[in-house]
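Contents: one structure, followed by commentary.
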Amino acid sequence: MYGQPKTPSRRNRARSEAKTPLTPSLVSGLNNISLTATNPFVVSRPASPVKRTTSGAIPVSDSLQRQASAGVIRKGGVESRLDVVTHDYVPPPKSELKRSRSTPAANRVGVDTRDRFITNRDSDLDGVAATLEQMHLNPKSASPGHTARLAAATGVPLNRRILGYHEPPPTASSSSDTALAQHREFARPLYAQRAGALPSSIGATTNKTRKIPTQPERVLDAPGMVDDFYLNLLAWSVLNAVAVALEASTYIWKADTGAVVQLGEAPEGTYVSSVDFSNDGAFLGVGLGTGDVELWDVESGQKLRTMSGHLGQVAALSWHQHILTSGCGDGSIWHHDVRVPRHKVMELLGHSGEVCGLKWRADGELLASGGNDNVVNIWDGRLGDVGEGARGSAKWTKRNHTAAVKAIAWCPWQPSLLASGGGTNDATINVWNSTTGARLHSLKTPSQITSILWGPAKKEIFSTHGFPTNALMVHAYPSMERVAEIRDAHDARVLFSAVGPAGDVVCTGAGDENLKFWRIWDSAGDEKAKKKKTLATEEVGGGRINSTREGILSIR
C-alpha cells in the first residue's frame, strides 16, 4: 500500500469506542473540504520512488501519487478500489519481564513444579516407605537379644545412621595401643636409609666405589658362647690362631690347618670372662669370673701360673710385652708383670663402674680404658716407680658417652688417634686425639656399639653392633661416611670382633653361637700369593672341608 494516511491518534479514539461508517454523503463532504499544507494534522510526505509494475497490478499515475500524497481518497477513483483498513492497529501484549534467578517463583502461574532428581512422583510412595521400614533396624519387630548383640557387634547405636558423614573418622592418636606406635617412632630412624646408599635384598649396603662381600667366607659353630655385652671372649694372634671362650672352656682354632685344641677349663663354679694373646702370640691370658687371671702356653697347652687379687670378674685383658693388664668389675685396673712372683706392679683407679674395654697402644706409651660408668680414660703407660702399692692417675678423662664404653681401639697408622664406641643409650663413635685430648669426630650409629677396629692398611673404621640391627659397619676416615653396612650379620647381637694378622679378614662372634669370617679389606700380598696360599691351604685341609672333633668350632 502506498501513501496510506497515518493512523489517527489513540488518545482521541479512547474517548469513544463507536466508529462512524463511511457513507457516500460523508465521502462527498470530505471531497469538498480543502486541506492546506499548513494543517498541523496533515503532514505532507515526499513522493515515493516509482517502482516497476508487475503484471496484474494497478498502474500508478502522477495524479494518483499527488492524491496519495495529499492523503485524500476520492470516490470512484482508483484508490477507492484499494482495501481500506477499518480496524485500528492493536499492538501485541508486552512480554513479561524476565525475573532474576534469586526472585522466588511462588507467585508464578503455570510453572513446572517437577523435582530435578525425581521427575516422576506417580509411584507408590506408601510402598517405598514400607520397604524402607523393613530395611530399618526395628527393635520392636526383631528379637531384643539379637538386636542388642547386633548393635554391640557393629558398634552402631539403635535408630542411628550407619554412615554419619558429619562425624570425623577416629584419629590414629586415639588408638588404645599407644605403646606400639611409640615403638615404631623410636625404631623408625634406626632403619632409615642414608642418601647415596645401595640397599640389597639381604639387608647389606655397600658404596658404589667400594665392594665388600656381604656373605661370610667361613662360619664356625661355637656352642656355649656367652651372650654378655661386657665380656671379651675372642682374640686373634699374630700366629694366625683364634682363641674363643665357650662358657668354662677355652679353645684355640688354628686357621692354617683347621685344627682345634682345647686349651683348658676354668675351675668348677666359674667361667671364662676374657681372653687375649701376647704380642708374639706365644701366651694367652685368660680372665675368670672369680677375679683370677691365668697364663697359658699356647704351643704346649700348659697353664703357667694363676694371678689372683681381683674382687670381681675380669672382663677385659690387654698385653704389652711382659705386662698383662686386667680390668675388674670393681672399676680397678691392674698391671701384672708375668715374669716376677709378685705380679701386681701397679693399680689404676679411675672408673666407678666395671671396666669392659681395655687396649694398649702399640708402642706401649698409652693405655685406653672404657667402663660401665660411661667414661673413657687414657693412661700414661710409662710406669715409673712400680710396686704393689703404686697408684696411677689418668692423663685424659672423657665423659662424652652416655652409655657403657666397651669398644676401644688405637689407630695403627696414626698412633695419636683413639676410637671409642658407646652402648645402647649412646650408640656413638668418638675419635680422640690422645696428644691434646680433643674430640676430633663424632658419629651417631643405629644401635649399640660392641666392638671397634681400625683398618690396618686402609683409612677406615670397622664396628660391630647389637640390637636392633645386629650389623657390621665400615666408615671412611676422616669423612666418617658410611662405606658399607651388613645388617643382620648374625641372628643375635654381634658382640666380639678380631682382625687377622694379614689385616684382611675380620672374625666376629655373636650370641647365636657362631663365628663368622668376613673379608673386609685387601691383604698386602698380590693376587698370585693369595692364590698359592689358598691352594696350599686346601691341600693341607685348612679346615675348609674337614670338621673338627667334638663338633666344637666345626665348619658349617
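The values are calculated or read from the model by the stated rules, or taken from the named source; none is laboratory data. Computed from a predicted structure; not experimentally measured. All Cβ positions, glycine included, derive from the backbone under ideal geometry; neighbour counts span all protein chains shown. Surface areas here come from the heavy atoms of the whole protein model, side chains and all, with no ligands, DNA or RNA. Shrake-Rupley method; radii C 1.70, N 1.55, O 1.52, S 1.80 Å.
Within the range 260-280, restricting attention to residues that are among the charged types (D, E, K, R) and either modelled with pLDDT under 95 or part of a loop (DSSP other than H, G, I, E, B) (or both), which residue is most open to solvent (accessible area, probe 1.4 Å)?
Glu268
Would you pick out the residues in the range 456-476 that are within 24 Å of Arg361 (Cβ to Cβ) and in contact (Cβ under 8 Å) with a residue 60 or more places away in the chain?
Residues satisfying the conditions are Pro456, Ala457, Lys458, Glu460, Val474.
Quick test for you: out of Ile162, Ile212, pick the one residue that is under 30 Å from Ile520 (Cα atoms), at pLDDT below 90 and under 37 Å from the mean Cα position of the chain (by Cα).
Step by step, each of Ile162, Ile212 is checked, and only Ile212 is under 30 Å from Ile520 (Cα atoms), at pLDDT below 90 and under 37 Å from the mean Cα position of the chain (by Cα).
Just to be sure before I move on: is Ser497 surrounded by fewer than 15 Cβ atoms within 10 Å (Cβ to Cβ), in a strand (DSSP E or B) and either touching a strand residue (DSSP E or B) at 6+ places or on another chain (Cβ under 7 Å) or touching a residue at least 40 places away in the same chain (Cβ under 8 Å) (or both) in the structure I sent?
no
Scan (1) without any contact (Cβ under 8 Å) to a residue 12 or more places away in the chain; (2) on the phi > 0 side of the Ramachandran plot for the single condition Thr436 breaks and write down its number.
Thr436 satisfies all of (1) without any contact (Cβ under 8 Å) to a residue 12 or more places away in the chain; (2) on the phi > 0 side of the Ramachandran plot except (2).
Scan (1) assigned to a strand (DSSP E or B); (2) closer than 25 Å to Val355 by Cβ; (3) open to solvent by less than 10 Å² (accessible area, probe 1.4 Å) for the single condition Ser447 breaks and write down its number.
Exception for Ser447: condition (1).
Inside the range 326-387, counting only strands (runs of 3 or more DSSP E) that do not spill past its ends, which hold 2 or more residues that are over 18 Å from Ile452 (Cα atoms) and either charged (D, E, K, R) or touching a helix residue (DSSP H, G or I) at 6+ places or on another chain (Cβ under 7 Å) (or both)?
344-349
What number goes with the only condition from (1) touching a helix residue (DSSP H, G or I) at 6+ places or on another chain (Cβ under 9 Å); (2) open to solvent by 60 Å² or more (accessible area, probe 1.4 Å) that Ala255 does not pass?
Against the list (1) touching a helix residue (DSSP H, G or I) at 6+ places or on another chain (Cβ under 9 Å); (2) open to solvent by 60 Å² or more (accessible area, probe 1.4 Å), Ala255 comes up short only on (2).
Check the range 340-352 and report whether any residue there is surrounded by fewer than 19 Cβ atoms within 10 Å (Cβ to Cβ), acidic (Asp, Glu) and under 17 Å from Trp379 (Cβ atoms).
Taking every residue of the range 340-352 in turn, at least one turns out to be surrounded by fewer than 19 Cβ atoms within 10 Å (Cβ to Cβ), acidic (Asp, Glu) and under 17 Å from Trp379 (Cβ atoms).
Touching an Asp or Glu at 6+ places or on another chain (Cβ under 7 Å) and open to solvent by 10 Å² or more (accessible area, probe 1.4 Å): is that true of Ala502 in this structure?
no
Anything in the range 466-475 that is assigned to a strand (DSSP E or B) and over 9 Å from Arg487 (Cα atoms)? List them, or say none.
Val474, His475
Specify the residue that is least open to solvent (accessible area, probe 1.4 Å); the eligible residues are those in the range 281-297 that are part of a loop (DSSP other than H, G, I, E, B) and more than 19 Å from Leu234 (Cβ to Cβ).
Gly291
For His441, are the conditions met, namely being part of a strand (DSSP E or B) and free of Cβ contacts under 8 Å to residues at least 40 places away in the same chain?
It is true that His441 is part of a strand (DSSP E or B) and free of Cβ contacts under 8 Å to residues at least 40 places away in the same chain.
Would you pick out the residues in the range 455-488 that are of a type in the set (Gly, Ala, Ser) and over 20 Å from Gly503 (Cβ atoms)?
Scanning the range 455-488 gives Gly466, Ala471, Ser479.
Under 6 Å between Cβ atoms, at least 6 apart or on separate chains: pull out the pairs that start in the range 354-377 with a residue that is open to solvent by 10 Å² or more (accessible area, probe 1.4 Å) and end on any residue that is charged (D, E, K, R) and not in a strand (DSSP E or B).
Short answer, once both residue conditions are applied: Asn372/Glu354.
How many residues are open to solvent by 10 Å² or more (accessible area, probe 1.4 Å) and within 17 Å of Leu233 (Cβ to Cβ) if we restrict to the range 318-332?
2
Report whether or not Ala403 is of a type outside the set (Lys, Arg), at negative phi, open to solvent by less than 70 Å² (accessible area, probe 1.4 Å) and in a loop (DSSP other than H, G, I, E, B).
yes
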